[in-house]
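The values are calculated or read from the model by the stated rules, or taken from the named source; none is laboratory data. The structure displayed is predicted, hence computed values, not measured ones. For neighbour counting, all protein chains shown are included, and Cβ atoms are generated from backbone atoms with ideal geometry for every residue, glycine included.
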Amino acid sequence: MQAAKAEKGVREVTMARRIEPSCKICRREGVKLFLKGIRCSGDKCAFERRNYAPGQHGRSRGKVSDYGLQLREKQKMKRIYVVLEQQFRNFFKRAVRKKGVTGETLIQFLERRLDNVVYRLLFAPSRASARQLVSHRSIFVNKRCVNVPSYLVRPGDVIEVRKREDIEKRVKATLEILKDRPVPVWLELDRDSLIGKVVKLPTKADAGLPVEESLIVELYSK
């Protein structure tokens, strides 16, 4: 029994780290998820060269069932935001309890995660990199260090980079590379001081996800 629990724990940690190649994930989902940040916009993107599912039968997969479509949409959203199944399910439960359209509320919760906000503010090239910045205590919210990637920001919150030369240099280099990428309208960014602010709550349109969230609601509502 103890060995089985230990094995399960190792498996969960591995899933959290996501050791599967990111490009294979995009190819399986059939759409660019920008999991590798800057590389996804360049010529070396594997999805551009092989835009079919990985594996021996990737080119000739048959018709997908309704359940298969719902599952793929859920997996797609989980992978975009780099969250595990239990985390994702908890966000869905919170979205169900809140007034409004469940799918749109779910997206709002995921967009408000601190690691996603750091990514949206262009402090990091990908959500995985943003998660690392947060976990390594490089991000402050309202002058307080927050190292929990799932922390939910609120309108009025101020997000800034730790005042340390190596961290600021890294973030400024990323901002320079991503200078043509816009910051969402629900956020404000001062590029010189490396300070961002949450102006309002995000909407489904602000997220711009290649996901049909209504299929996820149907999947969990069964």
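Some notes on this structure:
- Which listed residue, of L175, L194, L152, is closer than 26 Å to T105 by Cβ, touching a residue at least 24 places away in the same chain (Cβ under 8 Å) and out of contact with any Gly (no Cβ under 9 Å at 6 or more places or on another chain): L152
- Residue in region 130-143 that is more than 27 Å from L84 (Cβ to Cβ) and in contact (Cβ under 8 Å) with a residue 12 or more places away in the chain present: yes
- Region 189-206, subset over 18 Å from the mean Cα position of the chain (by Cα) and loosely packed, with under 15 Cβ neighbours inside 10 Å, residue nearest to S138 (Cα to Cα): S193
- For region 121-136, a residue qualifies if it is assigned to a helix (DSSP H, G or I) and crowded, with 24+ Cβ neighbours inside 10 Å, and the qualifying residues are R127, A130, L133, V134.
- Of residues in region 173-188 being part of a helix (DSSP H, G or I) and of a type in the set (A, V, I, L, M, F, W, C), the one farthest from V141 (Cα to Cα): I177
- Only one entry in R94, R170, R89, R154 is in a helix (DSSP H, G or I), in the same structural domain as L189 (by TED's automatic domain parsing) and surrounded by fewer than 22 Cβ atoms within 10 Å (Cβ to Cβ), namely R170.
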